[in-house]
1. Which values, in whole Å and largest first, are the semi-axes of the equivalent ellipsoid of segment 354-428 obtained as the square root of 5 times each eigenvalue of the Cα gyration tensor?
2. Please report Rg (one decimal) and Dmax (integer) in Å for the Cα set of segment 431-490.
3. Provide Rg and Dmax in Å for segment 96-412, with only Cα atoms included in the calculation.
4. Using Cβ contacts closer than 10 Å as the measure, can you line up 476, 351 from fewest to most?
5. In Å and on Cα atoms, what radius of gyration and Dmax does segment 491-622 show?
6. Report the Rg/Rh value for segment 180-223, based on alpha-carbon coordinates and the Kirkwood definition of Rh.
7. Take the Cβ-Cβ distance between residue 517 and residue 198 as r, set R0 to 60 Å, and report the resulting FRET efficiency rounded to the nearest 0.05.
8. What's the angle, to the nearest 10 degrees (0 to 90), between helix 236-256's Cα axis and the longest principal axis of the chain?
């Protein structure tokens, strides 16, 4: 390319670089538009309005600059491993595509194990429990798998020692070279206690670590699985802190049994959730490696062996029962984020996981999400593709520092074992759940297809029911984000699907925007929504009475409300409306006395759950 041609491709280089002050001036223009003199926002006030905060206190700035990035970016494959524990060599499948199996239909599971390995999965992960795959059946289930080509890991929510023994026996009897067998025995005493509510028993850890070190040099014996805490509602800071603190507790226990930290480091795999919060997921896996490398530094592990092996699992907490096909998008986003964040192993849960046992179709989709991202989107060809982003680097640093502070607090209070036994871990999660519940109820954390843009006439999908789980998980129950909204739909169905009458006052120009907003909001509970348009209070009253509804919502603009809201509300009350709401705020009535006529207001940011439950209370009382 000659110099003239190169000059024509400068693009942004042809424009002056804006200063922070110029950007702030433009922000003020937008946020102060329409504000009277004396009430205009300052720059600091404007920036504060543009900041967002996560449920566990992380601050997201509206703009990031070079100063927010690290002075030295570093590289993948070297300490502190923020940018990756290994250097990718261009292989398009740059992470382990791990398929999860827990179906107690053993014939189906055996067929699916082969299907996964033949169609793109690179390893297998089996849950060995009475309600999943019995330990006694593991050998037969894996009989057709070439074990030195297909890594196998197990997890158990009831008896980890039996699951580990079953896999050990399969490997020993396979006739394959033991030094070529890769996988994980799944020993994780804290995760077992979280699933069973039994006391933590660390005694199996040293036995299985020693066995793996002596006989299976390519296998690992332990996991640090914090999915139970995530599923119970833990935020990203606590999830990361609990992972690191648990790892420290295991190192301490193994050292007391005579196992060096260097050997123990190679025996642990971390398992964390990947969510639809793309950037937080990316930052979480980058921060995990940085913090674990710091632990390795303190414990004297050689710097070339400090990289954390990270297994990402798409979050079960984020999945929804209603409009479940949206879960495919959630799984894609979370898998993408885990891959960009440098997860070594990724498991994508099928979209119907919370409906019942996944089908062949849903399992195929879950598997192909990973294959498309790795082989067609080529994410796996790049080391740390988010590295250097000022936002991602800043978020990684903030998350790592907050989690490390939490780890130090746990250590100063006696370590993770003490915190777990005392109930402090469960209490911390409960506090986060309360904060998140408020964000969900006001839809500041929106759930597409559930709390936002729900399908009115959805046809639910069917799935084979799951067996009853042997454990109640009372201390760390699964709390899906969508459950409160699914409960509203269930209440509405049990009450005969109540009706909410919408009185659209004026012309489409007056009520169009608010009518659409209210239709969306009332559909969250699956209500029927008869609607009438016009200006005549008597006509509204007649149509309301004919609709069979008990509740009405007025929809229009501020200018129309000033003249017509109260006459229409009066007519609706006269027609038998138990509740009349107005789409907007009370100030739009221009100071008029609406006592006894307007019972509440429907607006963006309101507690949607409380509003819909109020309507359901009326419906059940009238039934």
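None of the figures in this text is laboratory data; all of them are computed from the coordinates on show. It should be emphasised that the depicted structure is a prediction, and the values quoted were computed from it without experimental measurement. Virtual Cβ from ideal backbone geometry, glycine too; neighbours counted across all protein chains shown.
1. Values: eigenvalues 257, 124, 16 Å².
Values for segment 354-428, descending: 36, 25, 9 Å.
2. Here Rg and the maximum Cα pair distance are 14.2, 37 Å.
3. Here Rg and the maximum Cα pair distance are 18.5, 53 Å.
4. Numbers: 476 22, 351 27.
Ordered from fewest to most neighbouring Cβ atoms within 10 Å, 476, 351 come out as 476, 351.
5. Here Rg and the maximum Cα pair distance are 13.4, 40 Å.
6. Values: Rg = 11.5 Å, Rh = 10.9 Å.
With Rh from the inverse mean 1/r over Cα pairs, Rg/Rh is 1.05.
7. Details: r = 49 Å, r/R0 = 0.82.
E between residue 517 and residue 198, to the nearest 0.05, is 0.75.
8. 20
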